[in-house]
Amino acid sequence: MKLRVFLTLLFGILMFSQQGVAQTKTKQKTQLVKYGKNVDTPLTAKEMSMLKEVYQDKLNEYILNNKQKVKDFKHLLRNRIEIKQMPNIKDENKFTRLSSVELFDHYNLNLTRDKVFNKSTFNPLKYNLNFFIIGSSIYKIDNTNYFIVIKSQTNRK
């Protein structure tokens, strides 16, 4: 009987101590996104085409009817995604290859990967890239010396 009471007490102390540790961890503060003036202009035909390709018949419902989402996508496409040629990268293996990233085909099951990379027609929205994480991301476009650089949406101070 004493052993059962002791184990119950020990279990309670362990659980209480874990609770205390979890409460003392500092949360990362949310930072405001700073938009450039260029997000005030309407979506371009190319941007609209990219969005239509990915969102299909849900485009109005999920994006266009929400002013903040439209602003976020304009900011993403105009200011945060950059396709850069970087021929002198020594360790390309440390970057995630685009071929290993899943397609973002939730709304368009007919999306396909680009067989050949063409910078002028490339749609980064087709891929399930880390657009909205804290920090920046870089992806290697297979069989090229191009990289997709996704800049952080917030500026750290």
Residue list for the range 113-137, restricted to those being surrounded by 14 or more Cβ atoms within 10 Å (Cβ to Cβ), under 11 Å from the mean Cα position of the chain (by Cα) and hydrophobic (A, V, I, L, M, F, W, C): 125, 129, 131
Test result for residue 52, of a type in the set (Lys, Arg), more than 20 Å from residue 35 (Cα to Cα), out of contact with any Phe, Trp or Tyr (no Cβ under 6 Å at 6 or more places or on another chain) and in a loop (DSSP other than H, G, I, E, B): no
Residue satisfying all of: in the range 95-112; hydrophobic (A, V, I, L, M, F, W, C) and under 16 Å from the mean Cα position of the chain (by Cα); surrounded by the fewest Cβ atoms within 10 Å (Cβ to Cβ) among these: 103
Criterion: at pLDDT below 95, surrounded by 11 or more Cβ atoms within 10 Å (Cβ to Cβ) and acidic (Asp, Glu) - qualifying residue of 82, 92, 47, 53: 92
Selected residue [of a type outside the set (Asp, Glu), within 17 Å of the chain's Cα centre (by Cα) and at pLDDT 95 or above] from 58, 69: 69
The range 90-103 residues that are free of Cβ contacts under 8 Å to residues at least 60 places away in the same chain and more than 13 Å from residue 138 (Cβ to Cβ), paired with ones that are β-branched (Val, Ile, Thr) and surrounded by 10 or more Cβ atoms within 10 Å (Cβ to Cβ) (beta carbon under 9 Å, 6 or more apart): 99/141
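The values are calculated or read from the model by the stated rules, or taken from the named source; none is laboratory data. Keep in mind that this is a model prediction, so the values were computed, not measured. Cβ coordinates were reconstructed from backbone atoms using ideal geometry, including for glycine residues, and neighbour counts include every protein chain displayed.
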